[in-house]
Amino acid sequence: MYQTGGELERRAEAVAVPHSEEQRQDQVPDVVNWPQLATWAQGRGVVLGGLALIAVQLIWKSFFLGHFFFRQDDIHVLELALGHSFSWKYLTFVGAGHLIPGVYAITWVVARISLYNWALGSAVTVVLLAGAGLAALRLLRTLFGNRPAILVPLTVYLLCPLTIPDLSWWTSAIESLPLQIAIFMALNAQVHYVRTGRFRHAVAAAAWLLFGLVFFEKALVVPLLLLGVTSGFLMDGSWPRAVGRSLVTYWRAWALQLAVAAAYLIVLAESLHTSSVRPGVPASSAGVLTFIWEITKDTFVPGAIGGPWQWLPSGDMEYAYSAPAAALAWLSLIAAAAIVASSIWSRKRALRAWVILAAWVAAADITPVLLGRISELGPQLTGLETRYVADATPVLAICLGLAFWPVAGKREAASRRRAVTNGIQAGYMIAAGTVGAFLIGSVWSVQAYENVTTSQPNQIFIANARVAVAEAPAGTVIFDEPVPSSLMLGIFGRYAEASQVVGPMEGADTAARVRWTGQPDGTIDHLMVFGTDGRLRRAAVYGRAGIPGPRGRNCASVRHRRVIIAFPQPTGPRSQVLLVAYLASAAVGGQYATVSYGHSSQLLAVRPGLHNAYLPVQGSADSVTLSGPAMAGLCIGGVRAGILVPSNSGPVIPAAF
């Protein structure tokens, strides 16, 4: 039938594709298939939950790390890194009984990228934290499958306060965190080896053992952990028989790990000649028992359940020791005993898990301290040191899971399952309450640690010293003395001197115009000393001052080319430096004056003009005698004997703070 033009146009409009912007948008299909995404997420809820926990932990601990700065061993290893090339000798240096080439390797790189950059150091710590968290999640999935229950031991590991003081000390963190990664990954490889029989997993377990040893000698205990878990939870039968069958069946894995451990011990023995700490036997059995009791009752057990809730700060407030209230310490023991008992009641093999944990603490945390460190701080204070048990936290998480949940693929006794099923609702409520109390306690304990510690003085010192050496004028001489003890203790010897700590921050231009001296000797007009805040101040001598002459006269009287200046009282027995203020005419420039203090005499080269001269002295004296040809044109304005200190006249170099 014939159609008119108007009808054709109307039909074309009816079937035409909409051209308005709203119409186009209405017809665009959804880019995200939300039902499909929800199904995908539901199937991976445990993994996503674990990743979320790890992310929250990283954010939380990143803020915590911002509260601290380098100190003590941190400064020492950075100095060692700057003073050595990247060599085998450097990597195997043993300073305090530790063979830690991995720590030295990281420090060597960090020191050359940006010295004393806490943000960079913290970034390294956060990366290791992320690696440890992911390793923990992977092992828990391997052991127990993708059951939501694995988030409980993961939470305990990620948030346990026992690791907090360890993180605040940079070198301790980069020692301990790689060991924790090695614990998780070596056991993960061992489990795969037992299940599949593929030898590459045994090789992987040995490789992770080597990785742990590179950072911390405590990794020597890892094979015992692998043997305990393998025989106790991956094999059937009684535990003693399972140990024997495990050694025979998987002998190749144990041989590899034994070879790695033996090689490490050989290198350690060869390197111990540089160590300042030697293994030794504790002085008394009473001290041993005190240490074991303190580290168990007041440190490990409270920390394992979210404590210690309060801390004992060190003298410089840069560190704190576990110090739970007595009532809370005993309640912690009761709560821990209840957790252990409930697990043993619900699962036949639970006792094995707690034996493994106790064995780790004894072998890795208690024995090394008894052999090497207990005499430094005494058994009681050493027992409150959480850094010694920080590495037990991953083992705690592993054993907690083994105590309460069956390993994936292993069947439980039916009677035990029925007993658990009958009380499952009550068990969930108790477990939820326990985890909630742990979370609250952990947050409280970490915040309490921040409240009693601070590293701000160290950060201020380094920042101000960096500016001071950069702005120091030409001809500046800096008296080299130990930095504040909060930054480095005197036990580090020459490494605690300002020239070793601050000197590496000098640029080429600064090094050309600044000179360091540990014993001022001669005429020095611009002698400076670092104050406790890191600012360079004029040097002053704190001690007895000698009177130049009668009141109203500026120069001491010269008789027979000799000047005797008496002190009102004898100088102190610890006097170390003598300051002589003098004005010399051009005629005597270059000549020498003999300066006698007590029973010693030394020569002073005289320079024309008004100057200060510093001479090293020792002990007490009643007077100072100056003699020689230079005395004819020399005016002595005064003398002072004592020790060098920063002047109170104010900073002479701009400060960063």
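Assorted remarks:
- Residue among 395, 389, 435, 407 that is surrounded by fewer than 21 Cβ atoms within 10 Å (Cβ to Cβ), at pLDDT 75 or above and under 25 Å from residue 302 (Cβ atoms): 435
- Taken together, the criteria place residue 382 among residues that are more than 24 Å from residue 184 (Cβ to Cβ) and polar (S, T, N, Q).
- Residue 224 vs. criteria aliphatic (A, V, I, L, M), farther than 22 Å from residue 385 by Cα and in the same structural domain as residue 68 (by TED's automatic domain parsing): yes
- Of all residues in the range 561-593, those being farther than 15 Å from residue 525 by Cβ and either of a type in the set (A, V, I, L, M, F, W, C) or surrounded by 17 or more Cβ atoms within 10 Å (Cβ to Cβ) (or both) number 15.
- When the range 228-249 is filtered for residues that are charged (D, E, K, R) and touching a residue at least 12 places away in the same chain (Cβ under 8 Å), only 245 remains.
- Annotation note: Cβ proximity below 9 Å between a residue of the range 250-273 that is closer than 14 Å to residue 223 by Cα and a residue that is at pLDDT below 90 (sequence gap 6+ or interchain) occurs for 264/99.
- Helices (runs of 4 or more DSSP H) enclosed by the range 64-133 - at least 2 residues per element that are surrounded by 23 or more Cβ atoms within 10 Å (Cβ to Cβ) and of a type outside the set (Phe, Trp, Tyr): 73-82, 101-113
- Restricting the first member to the range 88-99 and to residues that are in the same structural domain as residue 266 (by TED's automatic domain parsing) and more than 16 Å from residue 78 (Cα to Cα), and the second to residues that are part of a loop (DSSP other than H, G, I, E, B) and of a type in the set (Val, Ile, Thr), the beta-carbon pairs closer than 6 Å and six or more apart or on different chains are 97/277.
- Here 312, 328, 384, 357 are screened, and the one residue that is among the hydrophobic types (A, V, I, L, M, F, W, C) and part of a loop (DSSP other than H, G, I, E, B) is 384.
- Odd one out for residue 419 among (1) of a type in the set (A, V, I, L, M, F, W, C); (2) at pLDDT below 70; (3) not in a helix (DSSP H, G or I): (3)
- Comparison of 480, 525, 533 shows that the only residue that is over 30 Å from the mean Cα position of the chain (by Cα) and among the charged types (D, E, K, R) is 525.
- Conditions (1) surrounded by fewer than 24 Cβ atoms within 10 Å (Cβ to Cβ); (2) touching a residue at least 40 places away in the same chain (Cβ under 8 Å); (3) touching a Phe, Trp or Tyr at 6+ places or on another chain (Cβ under 9 Å); (4) closer than 16 Å to residue 395 by Cβ: number failed by residue 149: (4)
- When the range 524-547 is limited to residues that are under 13 Å from residue 638 (Cβ atoms) and buried (at least 20 other Cβ atoms within 10 Å of the Cβ), the one that is modelled with the highest pLDDT turns out to be 541.
- For the range 302-318, a residue qualifies if it is surrounded by 15 or more Cβ atoms within 10 Å (Cβ to Cβ) and out of contact with any Phe, Trp or Tyr (no Cβ under 7 Å at 6 or more places or on another chain), and the qualifying residues are 302, 303, 304, 307, 308, 310, 313, 316, 318.
- One residue alone among 596, 623 is at pLDDT 90 or above, surrounded by fewer than 19 Cβ atoms within 10 Å (Cβ to Cβ) and over 46 Å from the mean Cα position of the chain (by Cα), and that residue is 596.
The values are calculated or read from the model by the stated rules, or taken from the named source; none is laboratory data. No experiment lies behind these values; they were computed from the predicted model shown. Backbone-built Cβ (ideal geometry, glycine too); neighbour counts: all protein chains shown.
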